[in-house]
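Report on the following structure.
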Amino acid sequence: MQRSQCLYTERKGLSRKVSIMQVTMSYGRQGLILTFPNDWQVDVVNKKVMPVLDDPQKRVAEALNNPVGCRPLKEEARDKKSACILICDITRPVPNELLLPQIIRELMAGGMEAARIKVLVATGLHRPNKGDELRELVGDDWVMKTVSVENHLARNDEDHLDLGLTKKGTRVKIDKRFVKAELRIVTGLVEPHFMAGYSGGRKVITPGVAHQDTISRLHTALFLEHPGAANCVLDGNPLHEEQLEVVDMLGGALSVNTVITEQRELSFVNFGEIKQSHLKAVEYARLYTETTLPQAYQTVITSNAGYPLDKTFYQTVKGMVGAMEIVKPGGDIFIVSEISEGFGSPEYRLAQKRLMELGAENFLREIKTRDRADIDEWETEKLLKPMRKGLVRLFTQGLTPEEERLTGIEVINDLAKFNQAVRKSGNKEKRVVVIPEGPYIIPFIRG
């Protein structure tokens, strides 16, 4: 995506409007331009300019040969007969076309047969990726022809092995293709996550290849109503701690971690023992994905980071949560999201229907009593947080009238009317804050 067309100076991620009143939002594949009155102050929150790695293929090779807390990948493969490589599903723009060919070639150079190497799509409870979409996700035809590429299916009991209970009482069931592999490798993108603090690493395992029973336990109010289960928080985050315990129960894993720019270029890559290497990647990502602002705003405008994250309303909740920290109580949160694939799963639709029938307070009271969450109701639970903070309004043309009603927020499918609502909200102060990249940068109030 382009940066905003405002002239600006960077100050801890805050870009201040000078003259031109247009901002390009991340929206689908093409972006969406919003315009503002000339006499308004428009503060645009962008990441600091991220370095782009020259010769990214060479950088990936260097990472595989200069690991954190383990041997180079080729050496790790020499005494192993099988490998399972986890990749994120289509909702995450991981540069698999850079990672997978080199990982697989290193494994084969270490003596592993291609027939014993499996790529497993860590879908969690999302739908499987098939056909052209799977080829797009993998990003390399040689990989598709050389090794087995399969989807994790969380509802298939027979696909999982029971590893026992965590200290908090979570029954851990993980895809046996990953558990039984002699070499377990995780790939992923490290970015803010509104429950786990940061994505990637241990999260690709749980919930990525966990059974639905494990996933539904980890998404109960016991975990998600904890103040530590939030964007950019690892220390004291109960979900993160549970995910790390699962890694220990597995006997460990290795991880290839990436951080990418707004234009989806490689800015950071490392490889190593999953806990250590992931923390190193988080340390790098924090420099660009977290920022502080001096004050809260009445009017906040954000996105859901464009394609592929803004394909459903389910995923769009992430953008709302990411922006809520900087809106004044009772203020306005505006979000743009293409929602090219519609509402989300049938289970999420049912959860939103319950919210409409019960109301927010009764819905929350009900889910707090459960040992396991209903599938996808956790996104409804997270939606309640920005709804409690202020009035949420969404621009999209991807929902039916029935689906618009099920969102529980105000949906505007006419861009002119959306702009009018923004201007009405911001007119008193003549000031708004805009987050073009949505939940890929998280602003906090300096305190």
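Odds and ends about this structure:
- Scan segment 29-42 for residues that are in contact (Cβ under 8 Å) with a residue 24 or more places away in the chain, surrounded by fewer than 20 Cβ atoms within 10 Å (Cβ to Cβ) and in a loop (DSSP other than H, G, I, E, B) and the total you get is 5.
- If the condition is being hydroxyl-bearing (S, T, Y) and more than 23 Å from the chain's Cα centre (by Cα), then segment 392-416 contributes only T400.
- Any hit, segment 357-375, residues being closer than 30 Å to L293 by Cβ and in the same structural domain as Y27 (by TED's automatic domain parsing): yes
- Residue check for V45: in contact (Cβ under 8 Å) with a residue 60 or more places away in the chain, under 28 Å from E341 (Cβ atoms) and crowded, with 22+ Cβ neighbours inside 10 Å: yes
- Single residue of V179, V190, V209, V186 found to be surrounded by fewer than 23 Cβ atoms within 10 Å (Cβ to Cβ) and either touching a Ser or Thr at 6+ places or on another chain (Cβ under 7 Å) or within 14 Å of L161 (Cα to Cα) (or both): V179
- Listing of strands (runs of 3 or more DSSP E) fully contained in segment 209-321 that carry 1 or more residues being under 26 Å from T35 (Cα atoms) and at pLDDT 95 or above: 290-293, 297-303
- Here K173 clears all of (1) buried (at least 20 other Cβ atoms within 10 Å of the Cβ); (2) under 28 Å from F268 (Cα atoms); (3) more than 21 Å from the chain's Cα centre (by Cα) except the condition numbered (2).
- Residue check, P37 modelled with pLDDT of 95 or more and either outside the structural domain of T123 (by TED's automatic domain parsing) or closer than 30 Å to R116 by Cβ (or both): no
- Selection of first residues in segment 53-69 that are under 10 Å from V269 (Cβ atoms) and of second residues that are among the charged types (D, E, K, R) and outside any loop (DSSP other than H, G, I, E, B), restricted to Cβ pairs under 6 Å at least 6 apart or on distinct chains, gives the following pairs, ordered by first then second residue: L53/R59; L64/E106.
- Extreme residue, nearest to V23 (Cα to Cα), among residues of segment 361-386 that are among the aliphatic types (A, V, I, L, M) and touching a residue at least 60 places away in the same chain (Cβ under 8 Å): L383
The values are calculated or read from the model by the stated rules, or taken from the named source; none is laboratory data. All of these numbers come straight from a predicted model, not from anything done at the bench. Every residue, glycine as well, gets a Cβ built from its backbone with ideal geometry; the counts of neighbours run over all protein chains shown.
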